[in-house]
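This structure is in structure tokens; I'll ask about it shortly.
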Amino acid sequence: MFDYIMQYQSEIWHAIGETFMMVGISIAAALVLGLPVGTLLYLCRKGQMYENRVLFAILNILVNVVRSFPFLLLVVFLIPFTRFVVGTAIGTLAASVPLSIMAIAYYSRLVEQSLLEVPKGVIEAASSMGASTLQMIVKFLYVEARSGLMLGLTTSTISFISYSTVMGIVGGGGIGDFAIRYGYQRFETEIMIFTIIIMLILVQAIQYTGSFMARVLDKR
Amino acid sequence: MISLHQVSKTFVTSNSRFQAVDAVSLDVGAGEIHGIIGSSGAGKSTLLRMINLLERPDEGTVIVDGEDLTSMTAKHLREARRSMGMIFQSFNLVNNRTVSGNVAIPLEMAGIPKKERSERVREYLDFVGIVDKADEYPSRLSGGQQQRVAIARALVSRPKVLLCDEPTSSLDPQTTIGILDVLKHINRTFGVTVVIVTHEMNVVTSMCTTVSVMENGSLIHTFKADKGNTISSEDLSRMTATQTGVKVGETYV
Ligand SMILES: Nc1ncnc2c1ncn2[C@@H]1O[C@H](COP(=O)(O)OP(=O)(O)O)[C@@H](O)[C@H]1O
Ligand SMILES: [Mg+2]
């Protein structure tokens, strides 16, 4: 069986590379945009520092809409936008666009929840020291919430891997697509099982690493 | 040093209004240790938090060190807050930073260079007697030790005023004495004006030079000890015994 699988070695490596690219871009989007959006959700919430009903309602609805969209439909729905951003709607890079939109919405919600766990007293102490908004966020909120932010990113990454498996429909490739094309459509069950094992190992490794880092970061 | 003039605060929730502080005026002179006592819910914390505008009064003015905080811009207010330290019943340390990391925060925010920062941190940790714990995380410390860290953090920016909200209420009597000694020492060494909210009478008698009694959002007494003395327990029991039935605003001096 092993020899049999080895004949697809280069395809498998290629597919893994595509998955890493799609998931990597999504993680970057989650950090660069999901983190600020989640922070804004937190700050604008009722009873928080910058309570703002309108902005909160807009962000909240956007995040909910993206998250409740059936993912395949989101991919199709975003095709014009994807074409606008990367110039094409087909390929691994194009597939990363809807995945990143989902990533931003997904992670921002987890960021909001982690920040809500920071004790009010710490924020009060920060205000009493004359912290600016940026200092409050960077020196207090993110520091106290950092293990939650790390765990959230771990959970998100695992979801992104899961979402990335359907990207074959826009030619995104990845190991999910590989499993479907070879394992399912060509009835090569061994290939299917092998790729599932690869995914399992990948997810386990990410979960283990993420939990470990969250534990190391948590001094509370 | 601190002058509150006719400050009021009403909390409005979706289905109720509650007047926590009702037209209070209070003057605290430079170098005093002023106690605010009264039963739970009387509005003590709200009044204290109005001194650094953590709670913005609906009406009235707050003047600290000659400056009117109520009319300041947000930026100016942040600067003014840097000359006022505050400590809390629950310490409110950043638990993911070490002891010295916590004390360094106000200096980092003020943009003080690293070398000077670590010298100042050491100096104040030494002052509160906890320099040996510099590299520990707060969760490894006792309550009394955590409060010392909080005091060092409040002092490191060399404030003129220190606001204390029940700083010893979660500590045992022995630890309380230690913390009160530190606060007295701060007052004597740096001339810092201290305002301390408490429900413990021994806090008042051991360190306060002036005291106010609050009830239902109003200050019903303000009392000043003879020069060089702290409030005596006789004064205190006389004040609290006549607490009900005394006209709002009446003052014993
Ligand atoms: N942010 C707030 N929102 C609504 N009510 C509040 C708020 N803060 C304080 N209160 C109410 O104001 C009253 C006075 O509170 P506080 O100043 O904390 O009293 P004390 O410190 O004397 O116990 C209490 O009844 C409390 O429930
Ligand atoms: Mg209180």
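Using 1/(1 + (r/R0)^6) with R0 = 60 angstrom and r between the beta carbons of B:Met201 and A:Gln204, what's the FRET efficiency to the nearest 0.05?
0.50
Along Cα→Cβ, 7 Å out, is where each label goes; now give me the distance between the ones at A:Ile193 and B:Thr61 in nm to one decimal.
With each label point 7 Å from Cα toward Cβ, the separation is 8.4 nm.
What's the local net charge at A:Ser108, with K and R +1, D and E -1, over the other residues with C-beta under 14 Å away?
+2
Turning to a different aspect of this structure: Of the residues B:Glu215, B:Glu32, B:Glu200, which exhibits the maximal mean-square fluctuation in a Gaussian network model of chain B defined by a 10 Å Cα contact cut-off?
B:Glu200
Output needed: percent of Cα pairs per 10 Å distance bin for chain B, bins running from 0 to the one holding the longest distance.
7, 30, 35, 21, 6, 0
Need one value for A:130-140: mean number of C-beta atoms belonging to other chains within 10 Å of its residues' C-beta atoms.
The shielding value for this peptide is 4.
Students often forget the sequence filter, so: which lysines lie under 28 Å Cα-Cα from B:Lys9 once same-chain residues fewer than 8 apart are removed?
Cα-Cα hits under 28 Å: A:Lys46, A:Lys120, B:Lys44, B:Lys75, B:Lys160, B:Lys224, B:Lys247.
Take the Cα atoms of chain A, build their convex hull, and give its volume per residue in Å³.
126 Å³
Still on this structure: Where does chain B land at 222 nm, in deg cm²/dmol rounded to the nearest 500, when only DSSP H runs of n ≥ 4 count, each adding -39500 (n - 2.57), divided by all residues?
-10500 deg cm²/dmol
Here's a follow-up. Pick out, in residue order, every one of the chymotrypsin sites (Phe, Trp or Tyr not before Pro) in the stretch A:174-220 that is DSSP loop and has at most 11 other C-beta atoms within 10 Å; say none if there are none.
The qualifying sites are A:Phe187.
Next question, about the same structure. Looking at chain B as a GNM with Cα springs under 10 Å, which of B:Val21, B:Val94, B:Val156 has the largest mean-square fluctuation?
B:Val94
If packing is taken as the average count of other Cβ atoms within 10 Å, what order do A:91-104, A:124-137 fall into, highest mean first?
Result, highest mean first: A:91-104, A:124-137.
A further question on this structure: Pop out the Kirkwood hydrodynamic radius of the stretch A:79-193 from its pairwise C-alpha distances, inverse of mean 1/r, in Å to one decimal.
16.9 Å
Could I ask something else about it? Volume per residue, Å³, of the convex hull around the alpha-carbon atoms of the stretch A:83-122?
Spread over its residues, the Cα hull of the stretch A:83-122 gives 71 Å³ apiece.
Taking R0 as 51 Å, what FRET efficiency do you get between A:Val85 and A:Asp3 from their Cβ-Cβ distance, rounded to the nearest 0.05?
Calculated transfer efficiency: 0.75.
Here is a further query. Using the basic label-point model (7 angstrom from Cα toward the beta carbon), what is the B:Asp132 to A:Val216 distance in nanometres?
Each label point lies 7 Å from its Cα, and together they span 3.1 nm.
On average, how many beta carbons from a partner chain sit within 10 Å of the beta carbon of a residue in B:81-91?
Averaged over the peptide's residues, the number is 3.
Using a 1.4 angstrom probe with every protein chain in place, what is the largest-first accessible-area order of B:Ser8, B:Ser71?
Greatest to least solvent exposure: B:Ser71, B:Ser8.
Before anything else, pin down the relative contact order of chain A: Cα pairs under 8 Å, at least 6 apart, normalised by residue count, whole percent.
Dividing the mean separation by the residue count of chain A yields 27 percent.
Assuming R0 = 25 Å, can you tell me the calculated FRET efficiency for the pair B:Lys227 and B:Ser170, based on Cβ-Cβ distance, to the nearest 0.05?
Once the sixth-power term is evaluated, E becomes 0.15.
Here's something else I'd like to know. Taking a probe of 1.4 angstrom, what is the accessible area of B:His185 in Å², to the nearest 10?
Counting only protein heavy atoms, B:His185 exposes about 80 Å² to solvent.
The values are calculated or read from the model by the stated rules, or taken from the named source; none is laboratory data. None of these values were measured; they are calculated from a predicted model. Counting neighbours? That spans all protein chains shown, and the Cβs are built from the backbone with ideal geometry, glycine included. These accessible areas exclude ligands, DNA and RNA; they are computed on the full protein's heavy atoms, side chains included. Shrake-Rupley method; radii C 1.70, N 1.55, O 1.52, S 1.80 Å.
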